[in-house]
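The values are calculated or read from the model by the stated rules, or taken from the named source; none is laboratory data. Values in this document were obtained by computation on a predicted structure and should not be read as measured data. We place every Cβ from the backbone using ideal geometry, glycine too, and count neighbours over all the protein chains shown.
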Amino acid sequence: MRKWRISFRQIGYGVGRQGMQDKEVISLLYGLRHPTFFTRDDDFYNLNLCHSGYCLAYLAVRKDEAAVFLRRFIRHKKFDTLSKRMGSIIRVSHSGLSVWRLHEENQIYLSWID
């Protein structure tokens, strides 16, 4: 990701501490300024976690593919700025993006190709 000039902090190294529980991670996100949190833990793909102050992106891909899909996601025209991402819970996968948005009742699906 550094090679692509994508700035990031990793929980346990740049922010928070190693071994944080899911609830602790959510509390940490409240205190950060408009974070986009990427994880491979499917527990975070939960409509009840929607909040206007952050974005949660669940990477439903193999560990060795995570960086490529993270980059692909942040370059997607629907999510290429912080303001477009905030208040969203997104499942990022090979087939596309499944999105829950704050104050919306239905999940939407977006393909990688417009």
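Just a few scattered comments:
- Condition check for residue 22: modelled with pLDDT of 90 or more and among the acidic types (Asp, Glu): no
- Which numbered condition residue 10 fails, given (1) more than 14 Å from the chain's Cα centre (by Cα); (2) under 24 Å from residue 99 (Cα atoms); (3) at pLDDT below 85: (1)
- Residue match in region 63-86 (condition: farther than 21 Å from residue 25 by Cβ, under 12 Å from the mean Cα position of the chain (by Cα) and of a type in the set (A, V, I, L, M)): no
- Among residues of region 54-95 being closer than 16 Å to residue 42 by Cα and among the β-branched types (Val, Ile, Thr), the one that is surrounded by the fewest Cβ atoms within 10 Å (Cβ to Cβ) is 61.
- Residue check, residue 98 of a type outside the set (Lys, Arg), surrounded by fewer than 18 Cβ atoms within 10 Å (Cβ to Cβ) and either modelled with pLDDT of 95 or more or within 10 Å of the chain's Cα centre (by Cα) (or both): yes
- Residue list for region 66-110, restricted to those being assigned to a strand (DSSP E or B) and either small (Gly, Ala, Ser) or without any contact (Cβ under 8 Å) to a residue 24 or more places away in the chain (or both): 88, 93, 96, 98, 99, 108, 109
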